[in-house]
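Sending over a structure as structure tokens; questions will come in a sec.
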Amino acid sequence: MEFSIDYIASLLNGEVEGDGSIKINQLGKIEDAGSGAISFLSNPKYEPQIYNTHASAVIVNKSFQPKKEINTTLIRVEDPYLSFTTLLEEYHKLINFQKIGVEEPAFISDTAEVGKDIYRGAFSYVGANCKIGNNVKIYPNAYIGDNVQIGDHTIIHSGVKIYAGCIVGSHCVIHAGAVIGSDGFGFAPQADGSYKTIPQVGNVVIGHHVDIGANTTIDCATMESTKIGNGVKLDNLIQIAHNVEIGENTVIAAQAGVSGSTKIGKQCVLAGQVGVVGHIKIGDNSKVAAQSGIGKSLAAGSIEMGSPSFDRSKYLRVYASFKNLPDLVARIQQLEKKVLTLSGSEE
């Protein structure tokens, strides 16, 4: 796939400075890019690289003023980083949405409904009464259970399992090995010490523009729905338990776990390895540092650290004292010796 610099500039609302007819066929770092590649300059500390780069084009800020001669074509934009991100998104779409048709062997139920321009990879399975939107891409070995709904322009990568009755919105990406709608961890203790399985008969409802990382698991609700809001981004290796609700545009990093029936608000950020107990609420715009343990509900705008967690400003003060504990212990021991010495001299 090749595109002229002029075409790329029009896509980014940028201004070309140099030869706009040059063809671009790859993306690259400014220090490593070669002929035919496009890169960007956003951080001023990388400016020396632009004078030596072999990239055919570099996206720069409109205000950029070179201090030396430049041997590459420039595309001037308002925000180079954002523009390069837009370019990556378009490139990603071209790669992932170019496949159309059905690879054999693949199974689809006679009662399933599919839209236009879909792709079904080899050994994929689409169950009864499914509704698959336009331009959906289902990669090899993916399993789509009965009565599943998938919106337009969604990508289901290899090995994804979507259990019966789940709903996935449009413009979503579900990465390899993710499991949507598996049973929640529901077991009732019995008098003899054994556990009786509580049937989980709900589903998972995923909004639009949601990204779900590889090997992440989202359990179905016991009776209603586990809900993932629009714009949510879940990293790899995350466990979302039954009946959880996650608000719009919340981001959760790898190896985090959210226990059952907890509600997480909008625009929240949970860093890696965060653990959240069940049946609590985390308010909108809250942030939780890596490896924190959340054991209570949080008000909107909270910033928490530690396990168990508490307010970030208090945590930093406590941690500063914690680091000084060896010195404090040594001083106390010295004081004890002085006290004993003084007590002995008085006798």
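Give me the pairs, please: first residue somewhere in segment 206-221 and on the phi < 0 side of the Ramachandran plot, second residue anywhere and charged (D, E, K, R) and crowded, with 19+ Cβ neighbours inside 10 Å, beta-carbon distance under 7 Å, and either six or more positions apart or on two chains.
Between residues of segment 206-221 that are on the phi < 0 side of the Ramachandran plot and residues that are charged (D, E, K, R) and crowded, with 19+ Cβ neighbours inside 10 Å, the close pairs are GLY213/ASP235.
Here's another thing I want to ask about it. Checking SER39 against (1) surrounded by fewer than 21 Cβ atoms within 10 Å (Cβ to Cβ); (2) touching a Lys or Arg at 6+ places or on another chain (Cβ under 7 Å); (3) of a type outside the set (Val, Ile, Thr): exactly one of these is not met. Which one?
Going through the list (1) surrounded by fewer than 21 Cβ atoms within 10 Å (Cβ to Cβ); (2) touching a Lys or Arg at 6+ places or on another chain (Cβ under 7 Å); (3) of a type outside the set (Val, Ile, Thr), SER39 breaks only (1).
Sticking with this structure for a sec: Which residue, of ILE332, ILE280, ILE264, ILE303, is within 30 Å of VAL205 (Cα to Cα), among the β-branched types (Val, Ile, Thr) and modelled with pLDDT under 95?
ILE303
Hey, GLY127 hits all of (1) touching a strand residue (DSSP E or B) at 6+ places or on another chain (Cβ under 7 Å); (2) touching a residue at least 40 places away in the same chain (Cβ under 8 Å); (3) not hydrophobic (A, V, I, L, M, F, W, C) but one; which does it fall short on?
(2)
For segment 67-77, how many residues meet the condition of being within 22 Å of SER21 (Cα to Cα) and not β-branched (Val, Ile, Thr)? Give the derivation first.
Of the residues in segment 67-77, the ones within 22 Å of SER21 (Cα to Cα) are 69-77.
Next, only the ones that are not β-branched (Val, Ile, Thr) stay: 69, 71, 74, 76.
Residues that pass the stated criteria total 4.
I would also like to ask the following. Among the residues of segment 130-165, write down those that are farther than 23 Å from LYS93 by Cβ and touching a residue at least 24 places away in the same chain (Cβ under 8 Å).
Passing the criteria: GLY145, ASP146, TYR163, ALA164, GLY165.
Pick from segment 239-267 the residues that are part of a strand (DSSP E or B) and charged (D, E, K, R): which of them is surrounded by the fewest Cβ atoms within 10 Å (Cβ to Cβ)? Steps first, answer last, please.
First pass over segment 239-267, keeping only residues part of a strand (DSSP E or B): 239-240, 245-246, 251-252, 257-258, 263-264.
The next check asks that each one be charged (D, E, K, R); those that pass are 245, 263.
Values: GLU245: 19, LYS263: 17.
This residue is LYS263.
Restricting the search to segment 280-302, which residues are more than 16 Å from LYS314 (Cα to Cα) and in contact with a Pro (Cβ under 7 Å, 6 or more places away or on another chain)?
Within segment 280-302, just GLY295 meets the criteria.
So how many residues does segment 184-216 have that are surrounded by 16 or more Cβ atoms within 10 Å (Cβ to Cβ), part of a loop (DSSP other than H, G, I, E, B) and not polar (S, T, N, Q)?
The qualifying residues number 9.
Also: Within segment 1-56, track down each residue that is more than 16 Å from LEU74 (Cβ to Cβ), among the charged types (D, E, K, R) and in contact with a helix residue (DSSP H, G or I) (Cβ under 9 Å, 6 or more places away or on another chain).
Once the filter is applied, which keeps residues that are more than 16 Å from LEU74 (Cβ to Cβ), among the charged types (D, E, K, R) and in contact with a helix residue (DSSP H, G or I) (Cβ under 9 Å, 6 or more places away or on another chain), segment 1-56 yields LYS23, LYS29, GLU31.
From the list SER286, SER261, SER343, which one is more than 30 Å from PHE187 (Cβ to Cβ), of a type in the set (Gly, Ala, Ser) and in contact (Cβ under 8 Å) with a residue 12 or more places away in the chain?
None of the other options fit; the residue is SER286.
Looking at ALA330 and the list (1) of a type in the set (Gly, Ala, Ser); (2) assigned by TED's automatic domain parsing to the domain that holds PHE185; (3) more than 30 Å from GLY247 (Cα to Cα), which single condition is not satisfied?
For ALA330, the failing item is (2).
Scan segment 55-73 and tell me whether some residue there is under 30 Å from ILE156 (Cβ atoms), touching a strand residue (DSSP E or B) at 6+ places or on another chain (Cβ under 9 Å) and in contact (Cβ under 8 Å) with a residue 60 or more places away in the chain.
No, segment 55-73 has no match at all.
Which one of these is closer than 23 Å to SER225 by Cβ and assigned by TED's automatic domain parsing to the domain that holds HIS209: SER292, SER261? Steps first, please.
Numbers: SER292 fails: closer than 23 Å to SER225 by Cβ.
Checking each option against the conditions leaves just SER261.
Got a number for residues in segment 127-154 being assigned to a strand (DSSP E or B) and surrounded by 23 or more Cβ atoms within 10 Å (Cβ to Cβ)? Reasoning before the result, please.
Keep residues of segment 127-154 that are assigned to a strand (DSSP E or B), which gives 131-132, 137-138, 143-144, 149-150.
The next check asks that each one be surrounded by 23 or more Cβ atoms within 10 Å (Cβ to Cβ); those that pass are 132, 138, 144, 150.
Summing the residues that are assigned to a strand (DSSP E or B) and surrounded by 23 or more Cβ atoms within 10 Å (Cβ to Cβ) in segment 127-154 gives 4.
Name every residue in segment 19-36 that is surrounded by fewer than 16 Cβ atoms within 10 Å (Cβ to Cβ) and in a loop (DSSP other than H, G, I, E, B), in order of residue number.
Those that are surrounded by fewer than 16 Cβ atoms within 10 Å (Cβ to Cβ) and in a loop (DSSP other than H, G, I, E, B): ASP19, SER21, ASN25, LYS29, GLU31, ASP32, GLY34, SER35.
Sticking with this structure for a sec: Go through segment 50-106 and count every residue that is not hydroxyl-bearing (Ser, Thr, Tyr) and not in a loop (DSSP other than H, G, I, E, B).
In the first step, residues of segment 50-106 are kept if they are not hydroxyl-bearing (Ser, Thr, Tyr); the result is 50, 52, 54-55, 57-62, 64-71, 74-80, 82, 84, 87-90, 92-106.
When the remaining residues are screened for being not in a loop (DSSP other than H, G, I, E, B), the result is 50, 57-61, 74-77, 80, 82, 84, 87-90, 92-97, 101-102.
Result for segment 50-106: 25.
The values are calculated or read from the model by the stated rules, or taken from the named source; none is laboratory data. Just so we're clear, the structure is a prediction, and the values are computed from it rather than from any experiment. Cβ coordinates were reconstructed from backbone atoms using ideal geometry, including for glycine residues, and neighbour counts include every protein chain displayed.
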